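See below for the structure under consideration.
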Amino acid sequence: MKKCGLLGEKLSHSYSPFIHNMLCDYDYRLFEKAPEDVEDFIRSGDFDGINVTIPYKKTVFSLCDELSDAAKKLGNVNTVLRLANGRIFGHNTDYYGFAYTVTDSGISVSGKKAIVLGNGGASGTVCTVLKDLGAAEVIVISRSGENNYENIHRHYDAQIIVNATPVGMYPHNGCRLVDLAGFTRCEGVFDLVYNPAKTALLLDAEKLGIPHRNGLAMLVAQAKESAEYFSGTKIEDSLIDKITSKLAADMKNIILVGMPGCGKSTLGKAVADMTGRQFIDADENIVEREQMTIPEIFSKSGEEGFRKAETEALADICKKSSCVIATGGGCVTRNENYPLLHQNGTIIWIQREIESLPTDGRPLSQSGNLEKMYEIRRPMYEQFADYIIKNSGDIQDIADQILKLIEE
């Protein structure tokens, strides 16, 4: 069996083994190497083929004995083969990955003005693809170049925007380089970041109704072309969509919203046990952070103080991936909580009959009319929710229904 893998400096969160295991039958490992060890590994490491990630793409480029036309064109490699004669062959599949993403998105770049945020290695690949696909003009925006974020207003007529930087990537969720509101002619937004699934830039695009794509399909597509080099066999493009969908579903958080006492925590724990995901109770997280019970927080800081603490907790919790998160019943009362939940999660509204809702330990439930509270919050739950599940039967059956929704 061929020995393949991924070379990088820090790889603990890599999805490459999962992707390659679905693509082909070969041994795929992670090779974490310090900068001073890279050359020796390339020359004498125990591998038949490897992928190369940041920060070693240019370093390995200089160590290759032979280069593909794509690698020469882009000036870096992300795929390396040890040939039968021992020579090192370097190729770049990022070009194919981004080209596939653009084409598959249905967003036309031909004849359009495009701006690319960032001037690193990924930026060069993106610019080359856009030009080859017929973009009329491609402008690179950098922090200190001729075209920068201070004078970006000169390019508000851009029709295509691509973020080729790590800005907005976990754990720095919520960051963005540009405000889309100024780009009144924008027809498509691409972000090479895929964790979170929706960066702040993509959430803005969604809100404005602009077609958009993240970088997950690019990750899978470039791996698919690498796998073809490693295995020497052709792999159908349809497998890209299959793996991308599977990976996206696995990475997403399952987020439960609903009235206090509707069963979010019980159902969340059941779903977490069934899937092996981490379970997080937002209210318990707030109690731990504040070192006070929820009634104590309400007593000391009022509802406004509690809601502020809740938003701060959700900002941290919802950065994670592959979790089951039970939220507090009132999290939907703050609009700023929606992007926190939505950036990396599927939101499910758990409904339960009002007369079945307990009130113990729930300050707002005890102090007010539950029917009135529900009527106020109902449109908010509807606005947040991707799906609705009625909690009116066996917990295991309801948990099964949740999983079926996620898997679809």
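The values are calculated or read from the model by the stated rules, or taken from the named source; none is laboratory data. Since the model is a prediction, treat every value here as computed from it, not as a measurement. A quick note on method: Cβ atoms are made from the backbone with ideal geometry, for glycine too, and the neighbour counts reach across all protein chains shown.
Of the residues Ala315, Ala248, Ala270, the single one that is of a type in the set (A, V, I, L, M), without any contact (Cβ under 8 Å) to a residue 60 or more places away in the chain and not in a loop (DSSP other than H, G, I, E, B) is Ala248. Restricting Lys58, Lys33, Lys112, Lys72 to those that are in the same structural domain as Val189 (by TED's automatic domain parsing), basic (Lys, Arg) and at negative phi reduces the list to Lys112. Scanning segment 240-279 for residues that are surrounded by fewer than 16 Cβ atoms within 10 Å (Cβ to Cβ) and either among the aromatic types (Phe, Trp, Tyr) or farther than 30 Å from Arg352 by Cα (or both) yields Asp241, Lys242, Ser245, Lys246.
Residues in segment 51-67 that are over 24 Å from the mean Cα position of the chain (by Cα) and under 16 Å from Arg82 (Cα atoms): 8 in all. For Pro295, the requirement of being part of a loop (DSSP other than H, G, I, E, B) and either among the β-branched types (Val, Ile, Thr) or surrounded by fewer than 17 Cβ atoms within 10 Å (Cβ to Cβ) (or both) is not met. Filtered by the rule that a residue be among the small types (Gly, Ala, Ser) and farther than 22 Å from Ile54 by Cα, segment 120-143 gives Gly134, Ala135, Ala136. In this structure, is Ile141 modelled with pLDDT of 95 or more, within 19 Å of Ser108 (Cβ to Cβ) and crowded, with 17+ Cβ neighbours inside 10 Å? For Ile141, the condition - modelled with pLDDT of 95 or more, within 19 Å of Ser108 (Cβ to Cβ) and crowded, with 17+ Cβ neighbours inside 10 Å - is not met.
Condition check for Ala313 on (1) out of contact with any helix residue (DSSP H, G or I) (no Cβ under 6 Å at 6 or more places or on another chain); (2) more than 14 Å from Tyr381 (Cβ to Cβ); (3) buried (at least 18 other Cβ atoms within 10 Å of the Cβ); (4) not acidic (Asp, Glu): one failure, at (1). When segment 15-47 is limited to residues that are surrounded by 17 or more Cβ atoms within 10 Å (Cβ to Cβ) and part of a loop (DSSP other than H, G, I, E, B), the one that is farthest from the chain's Cα centre (by Cα) turns out to be Gly45. When each of Glu355, Glu288, Glu284, Glu336 is tested for being at pLDDT below 95 and either polar (S, T, N, Q) or surrounded by fewer than 16 Cβ atoms within 10 Å (Cβ to Cβ) (or both), the lone residue that passes is Glu355. Being of a type in the set (Phe, Trp, Tyr), more than 11 Å from the chain's Cα centre (by Cα) and at pLDDT 95 or above is a property that Tyr229 has. In segment 198-236, what residues are over 26 Å from Phe47 (Cβ atoms), outside any helix (DSSP H, G or I) and touching a residue at least 12 places away in the same chain (Cβ under 8 Å)? Those that are over 26 Å from Phe47 (Cβ atoms), outside any helix (DSSP H, G or I) and touching a residue at least 12 places away in the same chain (Cβ under 8 Å): Lys198, Thr199, Ile210, Pro211, His212, Arg213, Asn214. Looking only at residues in segment 215-239 that are farther than 23 Å from Met1 by Cβ and not polar (S, T, N, Q), the one that is surrounded by the fewest Cβ atoms within 10 Å (Cβ to Cβ) is Asp237. Picking from residues in segment 141-169 that are touching a residue at least 40 places away in the same chain (Cβ under 8 Å) and part of a loop (DSSP other than H, G, I, E, B), the one that is farthest from the chain's Cα centre (by Cα) is Asp157. Screening segment 154-183 for residues that are of a type in the set (Gly, Ala, Ser) and more than 15 Å from Ile141 (Cα to Cα) and picking the one that is surrounded by the most Cβ atoms within 10 Å (Cβ to Cβ) gives Gly168. Residue under question is Ser16, and the condition is that it be free of Cβ contacts under 8 Å to residues at least 40 places away in the same chain and of a type in the set (Ser, Thr, Tyr); does it hold? Judged against the criteria, Ser16 is not a match. Please go through segment 77-106 and pick out each residue that is of a type in the set (Lys, Arg) and at pLDDT below 95. Across segment 77-106, there are no qualifying residues. The set of residues in segment 109-137 being farther than 21 Å from Asn151 by Cβ, of a type in the set (S, T, N, Q) and touching a residue at least 40 places away in the same chain (Cβ under 8 Å) consists of Thr125, Thr128.
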